[in-house]
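Structure, as structure tokens:
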Amino acid sequence: MKKFLTAFLAASALTLGAANIADARELRVAPAAPPPHPANGVMYTNFMKYLPEESDGRLTATMLGPEVVNLGQMKDALQSQIAEVGNLLPLYFPADLPMMSVTGQLSLTGTNSQAMGSALTEFVVNCAPCQQEMKDLGLVFLGSGASDVYEFLTTKPIHNAEDMKGMRLRSGGAPWARFAEHFGATPVQMSVFDQFEAMNSGTIDGTMASIADMLSFRLVEVAKYVTYAPLGLYFSTSNFTVSKATWDDLSAEDRAAMARAANRANADFTNRWGSTMPAEAEAASEKAGVEFIEADPEFVEQIKQFVQDDITTAGTYSQEQFGIEDAPDQIQTFLGLVEKWTAIAEELDNDPQAIAKRVQEEVWSKVDYASYGE
């Protein structure tokens, strides 16, 4: 009788599990990146794994590739619900997300990937103007992540400021454009998907980017030099941006489950983009014969001075371009969070699981999911 009861309960559990899967809400998610990129291969892949875990099987997902929704199309795709959750980059839409873009103007200041992603997450969750911008677009924010420190990936060597003069370098946003112009280079705005062909054809001399791009976008085939210099990092991200129409259709319980899944995947993504993948990219680049250059010490000091001076420029730029009068105050608030999370990240040795746990405690556990995003 005991064996029969055990078998009956097991069969019942399997039946209920199958029913839960059958009844699950399958979300259309869009990383807007190719499979080798950590936004696809880790961030959204892990999110799809964590969703059913955190929601007891009520939420699942299917992934849309970058050929369906790319970074430039993401806002429209989410608003039309082609995608229900997507990887949105505020610096691509500064006119629509001016307050969120203010922090992006500080991209050159970044040195610790986990700290920057965590700081921006806490900032945006508690930033009323940021939340209003997302609401006006019909979107909901569920966290950020960050790359490793950017380098020069080029077809011509860069050792010092003099070498930069006259070069055409792809810029991922206004901070790097200001940096390039300051040192006599010409910044070129183009999609990350176009940089391979542009470098291959000689249209540009290189890019200021994560060394992970050597693998993510096959730059290892065209770049000849990598110059290590403190060029900040990319953290102006809204990794899991939810269509409000989808958000409104979810219970508070499922919203919380989605936030927990996103938070775990954000830390995984940052660990991949900011730590493990750069090491792999360095090894692949060395094997391909790419030359590695340490920027001259004088050039490094010149860059550091520019970065400090640019904090004031970032505030002025945000005031003039977007009419954000309190931009300097917002910048100081954000820099305070960067200091807080840098200490936490160092304390936790940048361990992604420990970081995710702390962000959950410090940020997401304090959110009222019945009202967040409303």
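The values are calculated or read from the model by the stated rules, or taken from the named source; none is laboratory data. Quick caveat, the model's predicted, so the values are computed rather than measured. Note: ideal-geometry Cβ built from the backbone for every residue, glycine included; neighbour counts use all protein chains shown. Surface accessibility is based on the protein's heavy atoms, side chains included, excluding ligands, DNA and RNA. Shrake-Rupley method; radii C 1.70, N 1.55, O 1.52, S 1.80 Å.
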Here the residues within the stretch 103-158 that are assigned to a strand (DSSP E or B) and open to solvent by less than 10 Å² (accessible area, probe 1.4 Å) are L139, V140, F141, F152, L153, T154
Which one of the conditions (1) in a helix (DSSP H, G or I); (2) open to solvent by 40 Å² or more (accessible area, probe 1.4 Å); (3) over 15 Å from F152 (Cα atoms) does T203 fail to meet, given that it meets all the rest? (1)
Matching residues, the stretch 196-248, being without any contact (Cβ under 8 Å) to a residue 40 or more places away in the chain and either of a type in the set (G, A, S) or in contact with a Cys (Cβ under 8 Å, 6 or more places away or on another chain) (or both): A198, S201
Collect the residues in the stretch 52-98 that are in contact with a Ser or Thr (Cβ under 6 Å, 6 or more places away or on another chain) and either in a helix (DSSP H, G or I) or among the acidic types (D, E) (or both), keeping them in residue-number order. P52, L78, E84, P90, L91
Can you spot a residue in the stretch 94-107 that is of a type outside the set (S, T, N, Q), modelled with pLDDT of 95 or more and in contact with a helix residue (DSSP H, G or I) (Cβ under 7 Å, 6 or more places away or on another chain)? no
Exactly one of S251, S236, S275 is at pLDDT below 95 and surrounded by fewer than 24 Cβ atoms within 10 Å (Cβ to Cβ), and that residue is S275
Go through the residues of the stretch 324-347 one by one and say whether even a single one is over 18 Å from Q114 (Cβ atoms), touching a helix residue (DSSP H, G or I) at 6+ places or on another chain (Cβ under 6 Å) and of a type in the set (V, I, T). yes
For the stretch 135-152, does any single residue satisfy the condition of being of a type outside the set (D, E), closer than 24 Å to M277 by Cα and over 19 Å from the mean Cα position of the chain (by Cα)? yes
